[in-house]
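Novice: Below is a structure I'd like to ask you about.
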């Protein structure tokens with residue numbers, strides 16, 4: 001069922017992006033915490049509690065009084081664009097390359113001409129993407145640990161408090177990759193798959209914002225998959241953090257798994273267009 005050559009090809013295809021994100025996420029926590037430490041805690045809390053309107057607390061997901069702590073400020077790193085966009089780019093890039101990518105490049109027909117099943121090919125790409133996502137999140141958590149232990153806030157916050165937040169990043173990566181792979185399995189052009197998923201991501205952002213800021217349209221927030229990505233809420237007490245993580249990642253991993261299974265069924269049953 002498994003083909004060593006397919007495994008090597010899949011890991012080779014994602015090696016460039018994987019190494020880039022490993023370097024970025026490995027360095028980002030130290031830079032972020034160093035820059036954050038330049039602003040005294042009292043000054044940071046004053047800006048949040050006095051200069052920013054109270055209604056804006058809805059956007060943060062947690063009260064500003066919790067953000068204006070060492071743990072709260074470190075938690076903001078997980079909602080920084082460097083992390084959120086990195087996780088989203090990984091999911092969309094790798095998921096879109098499941099079927100429509102090699103089909104558009106004209107390489108899928110050559111691969112399927114070998115003694116390999118479609119299901120095995122799709123599963124190989126899904127497993128490689130997921131394993132690499134777990135590796136990236138492990139590096140991210142390790143980098144956060146090192147940045148805290150060696151930075152200006154050493155001894156002021158327990159690095160283990162951020163393990164659930166890193167796990168929430170993993171859930172987002174799997175979810176986006178699964179949805180992307182599902183769309184890719186039904187499409188023939190990678191650029192169109194990427195466009196569809198980019199539109200989906202923008203819609204998720206807008207739906208989440210509308211759901212939080214509008215009283216009458218609060219139900220719109222439930223249409224956003226990003227409602228299950230709340231790492232800044234996962235740095236409180238251990239019991240509550242792991243309970244929330246089970247809910248959030250239950251949704252993200254569940255959606256991602258269902259999307260992967262659906263994509264595999266679609267790919268195994270669809271007719272592939274003849275190469276031009």
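Derivation of every value follows stated rules applied to the coordinates shown; laboratory data play no part. None of the values given here were measured: they were computed from a predicted structure. Quick reminder, even Gly has a Cβ in these numbers, built from the backbone with ideal geometry, and neighbours come from all protein chains shown.
Novice: For helix 81-96, what angle does its Cα long axis make with the longest principal axis of the chain, in degrees from 0 to 90 and rounded to 10?
Specialist: 10 degrees
Novice: Determine the distance separating the Cα centre of the stretch 210-276 from the Cα centre of the stretch 107-126; give it in Å without decimals.
Specialist: Each part's Cα centre sits 27 Å from the other's.
Novice: So how do 176-182, 267-273, 98-104 stack up, highest first, on mean other-Cβ count within 10 Å?
Specialist: Going by the mean number of other Cβ atoms within 10 Å, highest first, we get 176-182, 98-104, 267-273.
Novice: Compute the length gained on full extension between residue 69 and residue 120: take 0.36 nm times their separation in residues and subtract their Cα-Cα distance, giving the result in nm to one decimal.
Specialist: Full extension of this stretch gives 13.6 nm more.
Novice: Any idea how far apart residue 243 and residue 268 come out in nm if each label point goes 7 Å out from Cα toward Cβ?
Specialist: Between residue 243 and residue 268, the simple spin-label model gives 4.0 nm.
Novice: Moving on to the next point. What is the angle, in °, between the Cα long axis of helix 163-186 and the longest principal axis of the Cα atoms in the chain? Nearest 10 is fine, range 0 to 90.
Specialist: Once rounded, one gets 30 degrees.
Novice: Test of understanding: what is the full-extension gain from residue 217 to residue 110, defined as 0.36 nm times their sequence separation minus their Cα-Cα distance?
Specialist: Additional length available on full extension: 33.5 nm.
Novice: Can you give the angle from 0 to 90° between the axis of helix 238-269 and the longest principal axis of the chain, with both taken from C-alpha atoms, to the nearest 10?
Specialist: Rounded to the nearest ten degrees, it is 20.
Novice: Using Cα-Cα distances under 8 Å and only pairs 6 or more residues apart, what relative contact order does the chain have, in percent?
Specialist: Reported as a whole number, the value is 26 percent.
Novice: How many nm is it between the label spots at residue 251 and residue 209, if each spot is 7 Å from the Cα in line with the beta carbon?
Specialist: 1.9 nm
Novice: For the pair residue 134 and residue 79, how long in nm is the line joining their label points, each one 7 Å along Cα→Cβ?
Specialist: Going by the 7 Å Cα→Cβ label model, 2.9 nm.
Novice: Taking the Cα centre of each part, how many Å lie between the stretch 134-169 and the stretch 15-36?
Specialist: Taking the Cα centre of each part, the stretch 134-169 and the stretch 15-36 sit 12 Å apart.
Novice: Still on this structure, please answer the following. With springs only between Cα atoms under 10 Å, which of 201, 260, 248 fluctuates most in a Gaussian network model of the chain?
Specialist: 201
Novice: Here is a follow-up. Two decimals is fine: what is log10 I(q)/I(0) at q = 0.18, 0.19 Å⁻¹ for the stretch 138-276, from a Debye sum with one equal scatterer on every Cα and no solvent?
Specialist: Each listed q corresponds, in turn, to -1.06, -1.11.
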